[in-house]
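The values are calculated or read from the model by the stated rules, or taken from the named source; none is laboratory data. Just so we're clear, the structure is a prediction, and the values are computed from it rather than from any experiment. When we count neighbours, we look across all protein chains shown, and the Cβ atoms used for this are built from the backbone with ideal geometry, even at glycine. Areas reflect the complete protein model, heavy atoms only, side chains present, ligands, DNA and RNA absent. Shrake-Rupley method; radii C 1.70, N 1.55, O 1.52, S 1.80 Å.
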Amino acid sequence: MIDLSRLPEQVDRITTWASGPLTAMIERWEPQRLPAVTELCSDLRRFAVADRAQLPICFLGNSGVGKSTLINSLIDPRLQVVPQGGIGPLTAQATVVRYSAAPYLRATYHGPRRINQLVFALDRYCERQRDIARQPAGPLDPAEEREIELAFPLTEEQGSEPVEASLHGRIRSYVSQAKQLVTGRQFGSDELPVDYLADCLRSALGNRSRWGHSPLSDHAPFLNQLVDAIGVGEEGRRWSKTDDDHMFLGEVARHASGSIAPLIRSLEVGWPANSLRDGLVLVDLPGIGIANDEYRSVTSAWIRRATAVVLVVDRSGVTEASADLLRTTGFLNSILHRAPDSTSVSPLLRVVAVKLDDVASDERKALRTQNPGAPAPAWMAVFRSACERSQGLIRNQLTQVFDQSVVEAPAETQSDRRDALEQIVKSMEVHPVSAIEYRKLLEEDPEDAAKIKTPEDSGIPALTESLNMLAQQHRRELVDAYRLAAQQLFETIDRALARVQDELSSDERQIARLTQLRGSLDAAVRPAADALKPRLGATRERLRATIPQSIETEVERNVSIADRKVRQYFLSLRELPWGTLRATIRRGGVWVRSRPVDLPNELALRFEEPLAIAWRRGVLLPLQKALHEFGTDIGRFLGKVIVWAKAQGGVDAAHIQRFESEAEAEVKSLVNRGDLVTGDLTKIAKQHLHAGLQEEIRGACQEFIDAGHGVGTGVMRRMHEFLDQELAPRIAQVARTTATRFFRQSYDDVLVQVVSGLQRFNDPLAYASALLLGGQERTADGAAPRLDELDRLRAILGEMAAFQAEVNA
């Protein structure tokens, strides 16, 4: 089996070799074959992306539901590699766990800007409490300042919704982060003044106190750690595990849930877990409950990269909050981006039900109470029954969620969404587990014995096997695709070198015979070649003009579809209390108290779905179809050349056989090029289209407030007019412009490569003649055998044989 960790290095060696003396030889003797070699090398380089062999699996669920406990049970149940509980919904980083023979921790930090944001938030709170003038935001940019201002209630909102007099909502989150950084914990009996926390953070930045406080000696060690992390910043730091597990895991805990956690930008843990050997990458996403933009962007980005999403639920199953998460994170939309006729069902869905051991214990206790004197059923039997019920409950709940998702989709996209969700349902798995009982069984503590008898009773081995099967399938498909691409390259080179060898070994009589055959071939297939040229021109026209025009048509049509759904959504917002609606607009479109409202994400999702369909219909399908059809045309023409060749007595059978292989490879190459290109374009669209729409929505809301439209008489009418008459058409135009520009740019990037590959067919007859009979007559000197050239050719063949053996090992 190929060592996938060394695949990029192997690809680099093969493509470097193919670009050296080999290229020079082919360019001299068989230049018509060079474009094919160049294209196949480009295809091979696609496999050199460092993380292509890895399979990210995202764990999604409510904060505190038990994601970390579950992940630990999959990688090392005897140790808490990923700290459990964390610090709640305070940070937005994802903890990434991947395989490494030598354990390591790598962390990057937000740097001084994050601390400045916290100081600004705490100062704003203190200023409000003391009713004093606000100081400038200092080094913060307007977007950061606006994000923090969202944490505070607006005085005019009182009466529309109750406002707590003290710490509330997101400002409480900011204070908790500050406590974590200054004291190492967010809770405790020592109630520290908010202004003290602000001054401590100032001291870590090297700034003077504003509120007259100096850090207490007990807090100095934590502030020193903070200063150190600020100095490291985004460059990050890596720790390697020594013989002391306790020290290493303590460092992991300090970053994931300890004093430094709120400053973490990214956290990656390498661990020698057997379950990760096949390339699984487990991603512990931030829990539901974080209301800021950073959380949404981190979660959405990972969801759109992931091959599978593990939704972790408790005894209640798929709650309204967790069901809505599948939609708001973009999971339900991401599958709509897939290329036409794709067999991929990415992203896959796995649902894991936890805390069913508590259900079993509660039910057994209730049965004993209800039936005094009767023998209680075995705990394991009650647990299995709870697991079976949970599986049925979750499947029914998700069926309702998916059915509702289809109903809520625009009529024009309902069929596509239904097909996508049917694929998800077919591949979906539900795993009830007990990570806690699994750990107890392995620990064998007589004082806290496990209620299960075998590891399989916990459900963890079955979940591990399911995820590993995905990783193994991914590796097999990757290796097969890589070997196919490499084999196509080697076969193309082999055919080219065979022709070069023929040329080097030919004499003048062979050259004369080839000249006669070229004339006969010209007379036999010239009409077919002339008929093919317009089709090549038509294909180029489709690629260069028709498809770009269809992009604009499809975008325009689907923007209109999205615009209609957006206006329906705005109608639903009329049910909100006026204070809540105004708070939503004032806060950049986000309000998360009594009823969560997130305009940027909601509007972007409503535009993304039809635009994903536009992408498929306007770009992917026409591109694939154009290349497939032209590949068929080329195949028919080359087939006529083969028929002619077999009827000639002077054409070597080996030459005809090589030409047949060449013709088949050409058709396959054109088809594969369409599939490879559309696959890459799909990944780009899925990861970037949604993110490109949200900032404009926030900006439009801010402009409405800055213009003074959010206060005074008639504010309710102005807000509704803003949504219907200004925001809706503005976002539609932004979506139209953004999507068209994005689609055109992405398409143009691959068009250069595709059109370049078609150039070799400009003169179909000359191309076919060169492949079958070699180049035009050479001078006696140029065509004479050259022993040194033959020696170089044999050396190249030997090198290629070594590469082939390495690829197929």
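Quick one: of 426/453; 365/451; 625/668, which pairs are farther than 25 Å apart, Cα to Cα?
Too far apart for the 25 Å limit: 426/453.
Calculate how steeply helix 293-305 sits against the longest principal axis of the alpha-carbon atoms of the chain, using the helix alpha-carbon long axis, and give the answer as 0 to 90 degrees to the nearest 10.
The helix 293-305 is inclined about 40 degrees to the chain.
To the nearest 10 degrees, how steeply does helix 764-773 sit against the main Cα axis of the chain, on a 0 to 90 scale?
Tilt of helix 764-773: around 70 degrees.
May I ask for the Kirkwood hydrodynamic radius of segment 97-145, worked out over all distinct Cα pairs and given in angstroms to one decimal?
Result for segment 97-145 stands at 13.6 Å.
How much area per residue is accessible in the chain when the probe is 1.4 Å and only protein heavy atoms are counted (Å²)?
43 Å²
Which order do 127, 556 take when ranked by solvent-accessible area (1.4 Å probe, heavy atoms of all protein chains), largest first?
556, 127
Starting from the Cα gyration tensor of segment 461-530, take the square roots of the eigenvalues, sort them a ≥ b ≥ c, and report rounded, prolate or oblate (rounded when a/c is under 1.5, otherwise prolate if a/b is larger than b/c, else oblate).
Oblate.
Report which label in (1) 214; (2) 205; (3) 195 holds the value of volume of the Cα convex hull per residue in Å³ derived from the coordinates of this structure.
Only one option fits the structure, namely (1).
Once R0 is set to 35 Å, what does the formula 1/(1 + (r/R0)^6) return for the Cβ-Cβ distance between residue 131 and residue 707, expressed as a FRET efficiency to the nearest 0.05?
Approximately 0.85, to the nearest 0.05.
Tell me, what % of the accessible area of the chain is carbon and sulfur with a 1.4 angstrom probe?
The value for the chain is 51 percent carbon and sulfur by accessible area.
Whenever you get a sec, line up 19, 746 from highest to lowest accessible area (probe 1.4 Å, protein heavy atoms).
Details: 19 70, 746 10 Å².
Correct descending sequence by accessible area is 19, 746.
Give me the angle, in degrees from 0 to 90, between the Cα long axis of helix 599-615 and the longest principal axis of the Cα atoms of the chain, rounded to the nearest 10.
Here the helix axis deviates by roughly 20 degrees.
Note down the magnitude of the dipole of the chain about its Cα centre, charges +1 on Lys and Arg C-beta and -1 on Asp and Glu C-beta and zero elsewhere, to the nearest 20 debye. Show your work: numbers first, answer last.
On the way: 100 positive and 109 negative charges, 219 e Å.
Charge dipole of the chain: 1060 debye, to the nearest 20.
Kindly sort 247, 716, 25, 469 by accessible area of their heavy atoms, largest first, with the probe set to 1.4 Å.
247, 469, 716, 25
With charges only on Cβ, +1 for K and R and -1 for D and E, what is the dipole size of segment 363-421 about its Cα centre, in debye, rounded to 20?
Using only the charged Cβ atoms, the result is roughly 620 debye.
Could I have the simple spin-label model distance between residue 141 and residue 266, label points 7 Å from Cα toward Cβ, reported in nm to one decimal?
Result: 1.9 nm between the two label points.
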